[in-house]
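Visitor: One structure follows; several queries about it will come next.
The values are calculated or read from the model by the stated rules, or taken from the named source; none is laboratory data. Bear in mind the structure is a predicted one, so any value in this text is a computation, not a measurement. Positions of Cβ are backbone-derived with ideal geometry, glycine not excepted, and every protein chain shown enters the neighbour counts. The area values use the complete protein model at the heavy-atom level, side chains included, leaving out ligands, DNA and RNA. Shrake-Rupley method; radii C 1.70, N 1.55, O 1.52, S 1.80 Å.
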Amino acid sequence: MIWYPYEQMKTMKKPYEIKKAQGVYLYTEDQKLIDSVSSWWCMIHGYNHPELNEAMKQQIDRFSHVMLGGLTHEPVRKLSDKLAEWLPGDLDYCFFSDSGSVAVEVALKMALQYFMNRGETGRTMILSLEHAYHGDTFKTMEAGDDEDYHFVLNAYGKSPYVVHIPTEIERLEEAFDTYHDRLNCLIVEPLLQGAGGMRMYDVSFLRRARELCDQYGVLLIFDEVATGFGRTGNRFVADLVLPDILVLGKALTGGYIGHAVTVSNKKVFDGFYDDVPEHSLMHGPTFMGNAVACSVALKGIEIFERENYMEKIRRIEEISKREMLGFTEEGIREVRVMGGCTCVEVEDAGILKGYQQFAYESGVFSRPFLNYMYSMVPYIITEEELVKVFDTMKAWFHRV
């Protein structure tokens, strides 16, 4: 029996069975659906892309996987070199893993051990954001702040190691004033908080965060698992404000296969580069640097650059604002748009009950959650297809 994610198995409705997928479309036995959420935001190139398919096939014909413990290979070297060249600043040191959540765990472990290696054993605390979501493994849940996902941690009581603040500069400054000598890192989903409600905030908060981290010697971590590769309208938010550690996943492989990377700057890397064995980063996911994943990631980055995806994203944002900003109906609290993300927040979650099936019957796959109806479309979507997604959203509120 399949145990499905985020579902009460006793009462869940039957999931839609996909027979094939192509471009922005998912096909069931009886319906053709625009995937408006990119399979949890990762399928930026759409489905069944011939070049991505071929990249994986060619690598599989050579070998699918070897461990990075004592071995290496060309695809992982090429991807590391490409990321070092492509990412801003000196974000040059790539530690690979098999999921975004694990990659965030690695980032948090790096931040803690960076100070342990320096003998600063009092820096055990993490500063994080209210409504944060960084994954469902235990340390990422602790760094997160979402009762709907992480209520299991109530069994342990409130963590003494994490402080959560809103995205307000005054509260940020207060937190640094109070905890600066105990903090090892500040971790954020930059500009766009995904699973916490598609919350959007201003870059001025991040700029002030960078200044305070520099002032007090705290590491700044950007969790760009969801926001990276253009989703906020920026290639990476790290292009605007440079973190010490950057976490990428989801779109890294175009959604084709699970893989992620934790990228550090030279300062962090040098904190582990030592003759002392105990100063090594003792972490090693089995499938880190998987050759097939690295090969498809390289091809995906090539397509992203060659096909000028940033222009596609600008067009998606332009259409999204034209179609959705200013749309209002009873029960809608706010409509907000950033880059490739559009969110309709409603006053009560009950307003969205039944929308997924309504969208299905309209030819759109959607997965609203809590009070949020949203789209995070593949970047290859046409204007006509994108407008259909928004027309379906609006039709839900017009139906009564």
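Visitor: Here is a list of conditions, (1) open to solvent by 60 Å² or more (accessible area, probe 1.4 Å); (2) over 23 Å from residue 105 (Cβ atoms), and residue 300 meets all of them except one; can you say which number that is?
Guide: Evaluating residue 300 over (1) open to solvent by 60 Å² or more (accessible area, probe 1.4 Å); (2) over 23 Å from residue 105 (Cβ atoms) leaves (1) as the failure.
Visitor: With respect to residue 386, is the statement that it is over 22 Å from the mean Cα position of the chain (by Cα) and within 27 Å of residue 18 (Cβ to Cβ) true?
Guide: Values: over 22 Å from the mean Cα position of the chain (by Cα): no; within 27 Å of residue 18 (Cβ to Cβ): yes.
No, not satisfied.
Visitor: Which one of these does residue 161 not meet: (1) more than 16 Å from the chain's Cα centre (by Cα); (2) open to solvent by less than 60 Å² (accessible area, probe 1.4 Å)?
Guide: Failing condition for residue 161: (2).
Visitor: Restricting to the range 320-339, give me the number of residues that are within 19 Å of residue 192 (Cα to Cα) and touching a helix residue (DSSP H, G or I) at 6+ places or on another chain (Cβ under 7 Å). Lay out the reasoning, then the answer.
Guide: Taking the range 320-339 first, the residues within 19 Å of residue 192 (Cα to Cα) are 320-321, 324-325, 333-339.
After this cut, where a residue has to be touching a helix residue (DSSP H, G or I) at 6+ places or on another chain (Cβ under 7 Å) as well, the list is 324, 335, 337, 339.
Total satisfying the criteria: 4.
Visitor: What number of residues within the range 219-231 satisfy the criterion of being touching a residue at least 60 places away in the same chain (Cβ under 8 Å) and within 19 Å of residue 169 (Cβ to Cβ)?
Guide: Going residue by residue through the range 219-231, those that are touching a residue at least 60 places away in the same chain (Cβ under 8 Å) are 219, 221, 223, 225-226, 229-231.
Add one more test, that the residue is within 19 Å of residue 169 (Cβ to Cβ), and what stays is 221.
So the answer is 1.
Visitor: Now for a different question. Restricting the search to the range 180-218, which residues are open to solvent by 30 Å² or more (accessible area, probe 1.4 Å) and in contact (Cβ under 8 Å) with a residue 60 or more places away in the chain?
Guide: Within the range 180-218, 182, 199, 200 qualify.
Visitor: Find all pairs meeting these conditions: Cβ atoms under 9 angstrom apart; at least six residues apart or on different chains; first residue within the range 362-380 and touching a residue at least 60 places away in the same chain (Cβ under 8 Å); second residue in a loop (DSSP other than H, G, I, E, B) and acidic (Asp, Glu).
Guide: Short answer, once both residue conditions are applied: 371/347; 371/348; 379/307; 380/307.
Visitor: A further question follows. Could you give every pair whose Cβ atoms fall below 8 Å, whose first residue belongs to the range 276-287 and is of a type in the set (Phe, Trp, Tyr), and whose second residue is surrounded by 10 or more Cβ atoms within 10 Å (Cβ to Cβ) and assigned to a loop (DSSP other than H, G, I, E, B), counting only separations of at least 6 or pairs across chains?
Guide: 287/65; 287/98; 287/258; 287/259
Visitor: Filter the range 119-140 down to the residues that are exposed (fewer than 15 other Cβ atoms within 10 Å of the Cβ) and not β-branched (Val, Ile, Thr), then identify the one that is farthest from residue 190 (Cα to Cα).
Guide: 119
Visitor: Follow-up question, since we're still on this one. So which of 388, 394 ends up being more than 22 Å from residue 30 (Cα to Cα), in contact (Cβ under 8 Å) with a residue 40 or more places away in the chain and outside any strand (DSSP E or B)? Lay out the reasoning, then the answer.
Guide: Working: 388 fails: more than 22 Å from residue 30 (Cα to Cα).
Selected residue: 394, the only one of 388, 394 that is more than 22 Å from residue 30 (Cα to Cα), in contact (Cβ under 8 Å) with a residue 40 or more places away in the chain and outside any strand (DSSP E or B).
Residue-by-condition table, conditions (1) among the polar types (S, T, N, Q); (2) in contact with a helix residue (DSSP H, G or I) (Cβ under 9 Å, 6 or more places away or on another chain):
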| site | (1), (2) |
| --- | --- |
| 106 | no, no |
| 137 | yes, yes |
| 157 | no, no |
| 161 | no, yes |
| 182 | no, no |
| 185 | no, yes |
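Visitor: Could you please let me know if residue 323 is open to solvent by 20 Å² or more (accessible area, probe 1.4 Å) and in a helix (DSSP H, G or I)?
Guide: It is true that residue 323 is open to solvent by 20 Å² or more (accessible area, probe 1.4 Å) and in a helix (DSSP H, G or I).
Visitor: Just to be sure I understand, how many residues within the range 119-140 are part of a loop (DSSP other than H, G, I, E, B) and over 25 Å from residue 76 (Cβ atoms)?
Guide: Going through the range 119-140, the residues part of a loop (DSSP other than H, G, I, E, B) turn out to be 119-124, 130-137.
Among the residues that remain, those that are also over 25 Å from residue 76 (Cβ atoms) are: 119-124, 130-133, 136.
So the answer is 11.
Visitor: Is it the case that some residue within the range 378-390 is of a type in the set (Ser, Thr, Tyr) and within 20 Å of residue 231 (Cα to Cα)? Walk me through how you get there before you give the answer.
Guide: The initial filter retains those residues of the range 378-390 that are of a type in the set (Ser, Thr, Tyr), namely 379, 382.
Among the residues that remain, those that are also within 20 Å of residue 231 (Cα to Cα) are: 379, 382.
Scanning the range 378-390 turns up at least one residue that is of a type in the set (Ser, Thr, Tyr) and within 20 Å of residue 231 (Cα to Cα).
Visitor: Still on this structure, I have one more. Answer with yes or no whether residue 365 is over 19 Å from the mean Cα position of the chain (by Cα) and more than 25 Å from residue 255 (Cα to Cα).
Guide: Details: over 19 Å from the mean Cα position of the chain (by Cα): yes; more than 25 Å from residue 255 (Cα to Cα): no.
Criteria not met by residue 365.
Visitor: Being closer than 19 Å to residue 250 by Cβ, open to solvent by less than 10 Å² (accessible area, probe 1.4 Å) and out of contact with any Pro (no Cβ under 9 Å at 6 or more places or on another chain) is the filter here, so list the residues in the range 368-391 that pass it.
Guide: Scanning the range 368-391 gives 375, 376, 377, 378, 379.
Visitor: Next up: One residue is enough: does the range 345-353 have a residue meeting the conditions within 22 Å of residue 46 (Cα to Cα) and either assigned to a loop (DSSP other than H, G, I, E, B) or modelled with pLDDT of 95 or more (or both)? Walk me through how you get there before you give the answer.
Guide: From the range 345-353, those within 22 Å of residue 46 (Cα to Cα) are none; that's our starting set.
No, every residue in the range 345-353 fails to be within 22 Å of residue 46 (Cα to Cα) and either assigned to a loop (DSSP other than H, G, I, E, B) or modelled with pLDDT of 95 or more (or both).
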